[in-house]
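Engineer: To start, I am sharing the structure in question, which I have written as structure tokens.
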Amino acid sequence: MELLDNPIQRYAWGSPTAIPTLLGKPPDGTPQAELWLGAHPSAPSRLRSGASLEELIAEAPQRLLGDASLARFGPRLPFLLKVLAAGQPLSLQAHPSLAQARAGFAREEAAGVPRDAPHRNYKDANHKPEILCALTQFHALCGFRQRSESVRLFAALGLETTVLMDQGLRAYFEQVMTLPKEAQGALVDRLVEAARKPVKGFEAECQLAARLHALYPRDVGIIGALLLNLVTLQPGEALFLDAGNLHAYLEGTGVELMANSDNVLRGGLTPKHVDVKELLSVLNFADGPAEVLRQSAQPEAVYRTPAPDFRLSRVAVAGKPITLPSRGAQVLLVVEGEVAVKGMKLRCGSSVFIGADEGAVAVSGTGTVFRATPGNA
Ligand SMILES: [Zn+2]
């Protein structure tokens, strides 16, 4: 078992206080967006020896990952755990399926697009399903809202809805995303102006349009955002974002677990590269309400998803010692209270890596622990 020292990503959208509060450290006045717990080559966790978790795993992949994980995912940790602290909205985005990522990565490699080029879409050949579990109340956009509801909202805002009504979400989204920039800006201006007078039943959406417009004036992503389900998660509730799901995290702190990939296709609300054609090729236009995952099982509540790469669970420790059965390599993060793992006392914000060879893990104390392991591959 290794105590982890985890890198912080200071993206501009990060909350200046949420991650320092979790770690019990004074804020330094700058945004701290993500805490990365894992072995990702660009920012691996550090061990007390000073080595990185990536190096540790590379030295003994079979012992630390186990045979099943090694055979399926290769000599690396198949998942990356994060604490995500959004003070401001993140970009509108979707992630490719495994087949799309493999094809896209091969295409860009063949075309000689440098891996760190700003217009590179596929940084690796892996898919990136992800699950976000709220630690605080958490606001997000997730998947296309029931189309008839969007027609009602857009009509109330005075926008043309014939294509949306007659030809569907794909046709409408494609039409808007491929308009000339000036026409997109004019459309957004009209929408934001109309949304000053809140539409009944869509008050929060109308407020969101104004907020996004203040951050990203005339950005076509605002139209996309208003086609999505606006979801508010309570602490302990989670969203699973599968391939092709258009989503954006808006505000709040959560624990996020994802496959070991960096493949993001953006649809706006960002100064970064937006490749509309590539985004359209991966998007899932199925409409309807977002599914919120709720777990109340004790002591270990598992958030079930179809992702083979990872499994997230929340362990409530309340005095009585608990044994967590072995599931291969795992990362444990304490988000509340004080918990002893294999006899080592861990405060809030502390985390450990436990190799597959260590078997079942004894946990005691009082608090809440998030547990990341491989999925049911
Ligand atoms: Zn995402």
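The values are calculated or read from the model by the stated rules, or taken from the named source; none is laboratory data. Since we're looking at a predicted model, the values are computed, not measured. Backbone-built Cβ (ideal geometry, glycine too); neighbour counts: all protein chains shown.
Engineer: Spot the failing condition for Lys272; the list is (1) in contact with a Phe, Trp or Tyr (Cβ under 9 Å, 6 or more places away or on another chain); (2) within 15 Å of the ligand (Cβ to nearest atom), and only one is missed.
Structural biologist: Unmet condition: (1).
Engineer: Inside the range 1-17, can you point out the residues that are touching a residue at least 40 places away in the same chain (Cβ under 8 Å), aliphatic (A, V, I, L, M) and touching a Leu at 6+ places or on another chain (Cβ under 8 Å)?
Structural biologist: Leu3, Leu4
Engineer: Identify, please: which residue in the range 61-86 is of a type in the set (D, E, K, R) and surrounded by 17 or more Cβ atoms within 10 Å (Cβ to Cβ) and is, among those, nearest to the ligand (Cβ to nearest atom)? Spell out how you get there, then give the answer.
Structural biologist: Taking the range 61-86 as the starting set, the residues that turn out to be of a type in the set (D, E, K, R) are 63, 67, 72, 76, 82.
Of the ones still in play, those that are also surrounded by 17 or more Cβ atoms within 10 Å (Cβ to Cβ) are 76, 82.
Details: Arg76: 20, Lys82: 11 Å.
Result: Lys82.
Engineer: Which is assigned by TED's automatic domain parsing to the domain that holds Thr253 and either exposed (fewer than 13 other Cβ atoms within 10 Å of the Cβ) or more than 23 Å from the chain's Cα centre (by Cα) (or both), of Pro26, Pro118?
Structural biologist: Pro118
Engineer: Does at least one position in the range 39-60 carry a residue that is part of a helix (DSSP H, G or I) and exposed (fewer than 13 other Cβ atoms within 10 Å of the Cβ)?
Structural biologist: Yes, the range 39-60 contains a residue that is part of a helix (DSSP H, G or I) and exposed (fewer than 13 other Cβ atoms within 10 Å of the Cβ).
Engineer: Residues that are free of Cβ contacts under 8 Å to residues at least 40 places away in the same chain, of a type outside the set (Asp, Glu) and within 21 Å of Leu280 (Cβ to Cβ): does the range 133-147 have at least one? Reasoning before the result, please.
Structural biologist: Looking only at the range 133-147, we keep the residues that are free of Cβ contacts under 8 Å to residues at least 40 places away in the same chain, and these are none.
Scanning the range 133-147, I find no residue that is free of Cβ contacts under 8 Å to residues at least 40 places away in the same chain, of a type outside the set (Asp, Glu) and within 21 Å of Leu280 (Cβ to Cβ), so the answer is no.
Engineer: Being crowded, with 16+ Cβ neighbours inside 10 Å, within 16 Å of the ligand (Cβ to nearest atom) and touching a residue at least 40 places away in the same chain (Cβ under 8 Å), is that true of even one residue in the range 200-221?
Structural biologist: Yes: one or more hits.
Engineer: Which of the residues spanning the range 331-377 are of a type in the set (D, E, K, R), part of a strand (DSSP E or B) and over 26 Å from the mean Cα position of the chain (by Cα)?
Structural biologist: Glu338, Lys345
Engineer: On to the next question. Checking Val292 against (1) without any contact (Cβ under 8 Å) to a residue 60 or more places away in the chain; (2) over 20 Å from Leu80 (Cα atoms): exactly one of these is not met. Which one?
Structural biologist: (1)
Engineer: Sticking with this structure for a sec: Give the residues of the range 261-291 that are farther than 30 Å from Arg76 by Cα and in a strand (DSSP E or B), sorted by residue number.
Structural biologist: Matches in the range 261-291: Asp287 only.
Engineer: Please go through the range 87-109 and pick out each residue that is within 12 Å of the ligand (Cβ to nearest atom) and either surrounded by fewer than 24 Cβ atoms within 10 Å (Cβ to Cβ) or not in a loop (DSSP other than H, G, I, E, B) (or both).
Structural biologist: Leu90, Ser91, Gln93, Ala94
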